[in-house]
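Enquirer: The structure follows.
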Amino acid sequence: MTPLKLEHALSCANDSESCVAAIAQYFESHPLHYGHGTDNATDEAYWLVRAVQGWDDGRYSARPDAAMRQRIVEVARARVEQRRPLAYLLGEAWFAGLRFVVDDRVLVPRSPLAELIESQYAPWCRLEPGDRMLDIGTGSGCIAIASAVHCPGVVVDATDNSQGALALAAQNVAAVVPDGHLTLLEADLFAPGRGPYRLVVSNPPYVPTARVAELPEEYRHEPVAGLDGGVDGLAAVRRLLSLAPSYLEPGGMLVVEVGEAQEAFAAAYPSLPVTWLEFAHGGEGVFVVSREQLTGHSSS
Ligand SMILES: C[S@@+](CC[C@H](N)C(=O)[O-])C[C@H]1O[C@@H](n2cnc3c(N)ncnc32)[C@H](O)[C@@H]1O
């Protein structure tokens, strides 16, 4: 399907739902990869229409006007021709029910950890107001900010070693939790002198270096430092595991996403009694382990 045909289909559409169907058909006629906040063409088409309409329910029930249709074609065309994630083209991503500003300084938020955050980390960690938690490799700030929103009163630190990411995360903090207890810190994993934490959570880079180049085109628009986890994907994870006990309080918990490096992790840490989490909305490769389990096991 050509952009011209999409334009024609949109001009014939009487409502937003018909627009969504036409855009989905356009997306489906091209070899796109979905993995940056949606997993199919229809959801991306819906996201595009709603975002162009400013997420205004009233506008969704009305027929998109000519200016909106033109903007939709522009963005849809860029999605197909540049293979850029829709989140970057729209400048927004949704995570744990919250809207985040994103650009190519940060990975597009998509971690299954959103589900755990929405359940306030239960049953793995019981966070009370005043408890401290740390998000390592915060990127857009999505995990730290969503935690601050869903676990009110918790004092959140968030680190990243990318100044670009921290600048963007600061925008999101200002927009979503302007008076929250959230501190952004430039650090290599942990910020010395901070803590101890009741909870440390991280979605570090974990794609094995050789696999990064094989990822679909869409991932090439993301910062490689957010993806590349070294030879076996565990470079950051290994350091994180060895440092975590010094930053966790007694009874504290560590939650780490290792995604596709799960098998490599199990081979590297056969005696570490981690629990792999299951998610109702999909996603895998996230484990939880306590400070005591970390200090008690024989390291690999
Ligand atoms: C997979 S991204 C996760 C971003 C965000 N937490 C999310 O879930 O969308 C990993 C992040 O870790 C950061 N990072 C990589 N190595 C780091 C290090 N040694 N110390 C701190 N942050 C690091 C990257 O800059 C990137 O923002």
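Yes/no per residue for (1) touching a Leu at 6+ places or on another chain (Cβ under 7 Å); (2) more than 20 Å from Ala165 (Cα to Cα):
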| site | (1), (2) |
| --- | --- |
| Ser202 | yes, no |
| Ala213 | no, yes |
| Glu218 | no, no |
| Arg238 | no, yes |
| Leu243 | yes, yes |
| Val289 | yes, yes |
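Enquirer: Just to verify a result, which residue in region 177-190, among those that are at pLDDT 95 or above and surrounded by fewer than 24 Cβ atoms within 10 Å (Cβ to Cβ), is nearest to Glu257 (Cα to Cα)? Break it down into steps so the answer makes sense when it comes.
Expert: Quick first cut of region 177-190, residues at pLDDT 95 or above only: 182-190.
Of the ones still in play, those that are also surrounded by fewer than 24 Cβ atoms within 10 Å (Cβ to Cβ) are 183-190.
Values: Thr183: 22, Leu184: 20, Leu185: 21, Glu186: 21, Ala187: 19, Asp188: 18, Leu189: 14, Phe190: 16 Å.
Among those that are at pLDDT 95 or above and surrounded by fewer than 24 Cβ atoms within 10 Å (Cβ to Cβ), it is Leu189.
Enquirer: So the check is Cβ under 8 Å with 6+ separation or different chains; which pairs have a first residue in region 264-275 that's more than 14 Å from Glu292 (Cβ to Cβ) and a second one that's assigned to a helix (DSSP H, G or I)?
Expert: Final answer for the pair search is Phe265/Val237; Ala268/Arg238; Tyr269/Leu241.
Enquirer: Given (1) in contact (Cβ under 8 Å) with a residue 40 or more places away in the chain; (2) more than 10 Å from the ligand (Cβ to nearest atom); (3) within 18 Å of the chain's Cα centre (by Cα), where does Glu118 come up short, assuming only one miss?
Expert: (1)
Enquirer: Considering only region 179-290, give the helices (runs of 4 or more DSSP H) lying wholly within it that have at least 1 residues that are among the aromatic types (Phe, Trp, Tyr). Break it down into steps so the answer makes sense when it comes.
Expert: Working: elements: 209-212, 235-247, 262-268.
Result: 235-247, 262-268.
Enquirer: Filter region 121-134 down to the residues that are touching a residue at least 24 places away in the same chain (Cβ under 8 Å) and of a type in the set (D, E, K, R), then identify the one that is nearest to the ligand (Cβ to nearest atom). It would help to see each step written out before you state the result.
Expert: First pass over region 121-134, keeping only residues touching a residue at least 24 places away in the same chain (Cβ under 8 Å): 121, 124-125, 127-134.
After this cut, where a residue has to be of a type in the set (D, E, K, R) as well, the list is 128, 131-132.
Numbers: Glu128: 24, Asp131: 20, Arg132: 18 Å.
By that ranking, first place goes to Arg132.
Enquirer: State all residues of region 166-178 that are within 13 Å of the ligand (Cβ to nearest atom), farther than 14 Å from Leu189 by Cα and aliphatic (A, V, I, L, M); if no residue qualifies, say none. First the steps, then the outcome.
Expert: Let us first name the residues in region 166-178 that are within 13 Å of the ligand (Cβ to nearest atom), namely 166-169, 172.
Then keep just the ones that are farther than 14 Å from Leu189 by Cα; that gives 167-169, 172.
Passing the criteria: Ala167, Leu168, Ala169.
Enquirer: Give region 135-165 a look and list any residue that's free of Cβ contacts under 8 Å to residues at least 24 places away in the same chain and either within 11 Å of the ligand (Cβ to nearest atom) or outside the structural domain of Ala187 (by TED's automatic domain parsing) (or both), or say none.
Expert: Filtering region 135-165 for residues free of Cβ contacts under 8 Å to residues at least 24 places away in the same chain gives 152, 163.
Answer for region 135-165, where residues must be free of Cβ contacts under 8 Å to residues at least 24 places away in the same chain and either within 11 Å of the ligand (Cβ to nearest atom) or outside the structural domain of Ala187 (by TED's automatic domain parsing) (or both): just Gln163.
Enquirer: So, Asp157, is that one outside any strand (DSSP E or B), of a type outside the set (S, T, N, Q) and either out of contact with any Pro (no Cβ under 7 Å at 6 or more places or on another chain) or modelled with pLDDT of 95 or more (or both) or not?
Expert: Numbers: outside any strand (DSSP E or B): no; of a type outside the set (S, T, N, Q): yes; either out of contact with any Pro (no Cβ under 7 Å at 6 or more places or on another chain) or modelled with pLDDT of 95 or more (or both): yes.
When the stated conditions are applied, Asp157 does not pass them.
Enquirer: Could you please tell me which pairs satisfy a Cβ distance under 8 Å, a separation of 6+ or placement on different chains, a first residue in region 190-208 that is within 20 Å of Gln120 (Cα to Cα) and near the ligand (Cβ under 8 Å from one of its atoms), and a second residue that is part of a loop (DSSP other than H, G, I, E, B) and of a type in the set (Ser, Thr, Tyr)?
Expert: Listed pairs, sorted by first residue: Asn203/Ser111.
Enquirer: Can you list the helices (runs of 4 or more DSSP H) found entirely within region 12-114 that contain at least 1 residues being more than 25 Å from the chain's Cα centre (by Cα) and buried (at least 19 other Cβ atoms within 10 Å of the Cβ)? Walk me through how you get there before you give the answer.
Expert: On the way: elements: 16-28, 41-52, 57-61, 66-82, 86-90.
Hits in region 12-114: 16-28, 66-82.
Enquirer: Now for a separate question. Residues of region 214-263 being away from the ligand (no atom under 14 Å from the Cβ) and closer than 25 Å to Tyr121 by Cα, which ones?
Expert: Within region 214-263, Pro245, Ser246, Leu248, Glu249, Pro250, Gly251, Gly252, Met253, Leu254, Gln262, Glu263 qualify.
The values are calculated or read from the model by the stated rules, or taken from the named source; none is laboratory data. Remember, it's a predicted structure, so these values are computed and weren't measured experimentally. Methodologically, a virtual Cβ is constructed for each residue, glycine included, from the backbone with ideal geometry; neighbour enumeration extends over all protein chains shown.
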